[in-house]
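Participant: There's a structure below that I have some questions on.
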Amino acid sequence: MASAASKLRAEAGLGALPQRALAQYLRLLRLYPVLTKAATSGILSALGNFLAQMMAKQRKKENSRKLDVSGPLRYAIYGFFFTGPLSHFFYLFMEHWIPSEVPWAGVKRLLLDRLLFAPAFLLLFLLVMNFLEGRDAAALSVQIRRSFWPALRMNWRVWTPVQFININYVPLQFRVLVANLVSLFWYIYLASLGK
């Protein structure tokens, strides 16, 4: 009888793991909002690049287990130092500059995000990745000419509905997390542009 009770307690503890993880995340978010969002961005960005590599290997039917560790590392650096902090402050700025009470606030926020932040953020991504890959300015120029407009058009298609919901219906403290989760797939797309 004692073993059945301990087994039930162990199963209950395992079921409580997601709740404990969420409680810990919320605590860290409250105590260290920028650092928590930066770390989350870094981890999910690296995971996105890792998944892109795995999908590319599967598509090419490669059996090698070798992984380009520098890819996830570059994406982790970008997520930690740029995506997390910049997104945190951009969402705060939007909330302050275009409060909910302003007429058409949701549309104005969306236009600010889509027409100013998205192109600037995409250019920053290309610039930082070019630098982290050790390429020169000529390579950056080629990459921008080749990738910027297709990536921006795809960004507008994919991110516009996501950002409309995120900006207008997701609580402020969770907007970076929501964007990070969608970015997991977005970084898979961006990583495929670099090949």
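Participant: Which members of the stretch 23-54 meet the condition of being aromatic (Phe, Trp, Tyr) and open to solvent by 50 Å² or more (accessible area, probe 1.4 Å)?
Facilitator: The answer is TYR32, PHE50.
Participant: What number of residues within the stretch 27-52 satisfy the criterion of being aliphatic (A, V, I, L, M), without any contact (Cβ under 8 Å) to a residue 12 or more places away in the chain and farther than 12 Å from HIS88 by Cα?
Facilitator: Counting residues in the stretch 27-52 that are aliphatic (A, V, I, L, M), without any contact (Cβ under 8 Å) to a residue 12 or more places away in the chain and farther than 12 Å from HIS88 by Cα gives 2.
Participant: Turning to a different aspect of this structure: Working only within the stretch 55-79, note down all residues that are open to solvent by 70 Å² or more (accessible area, probe 1.4 Å) and touching a residue at least 12 places away in the same chain (Cβ under 8 Å).
Facilitator: Selection gives MET55, LEU73.
Participant: Cβ-Cβ under 7 Å, sequence separation 6+ or interchain: first residue in the stretch 172-189 and in contact (Cβ under 8 Å) with a residue 24 or more places away in the chain and farther than 11 Å from LEU44 by Cα, partner crowded, with 20+ Cβ neighbours inside 10 Å and aromatic (Phe, Trp, Tyr). Which pairs?
Facilitator: These pairs meet every condition: LEU172/TYR91; ARG175/TYR91; VAL176/TYR91.
Participant: Would you confirm whether or not the stretch 97-111 contains a residue that is farther than 18 Å from ALA179 by Cα and surrounded by 16 or more Cβ atoms within 10 Å (Cβ to Cβ)?
Facilitator: yes
The values are calculated or read from the model by the stated rules, or taken from the named source; none is laboratory data. Predicted model only: the values in this text are computed from it and were never measured. Quick reminder, even Gly has a Cβ in these numbers, built from the backbone with ideal geometry, and neighbours come from all protein chains shown. In case anyone asks, the SASA skips ligands and DNA or RNA and just uses the protein heavy atoms, side chains included. Shrake-Rupley method; radii C 1.70, N 1.55, O 1.52, S 1.80 Å.
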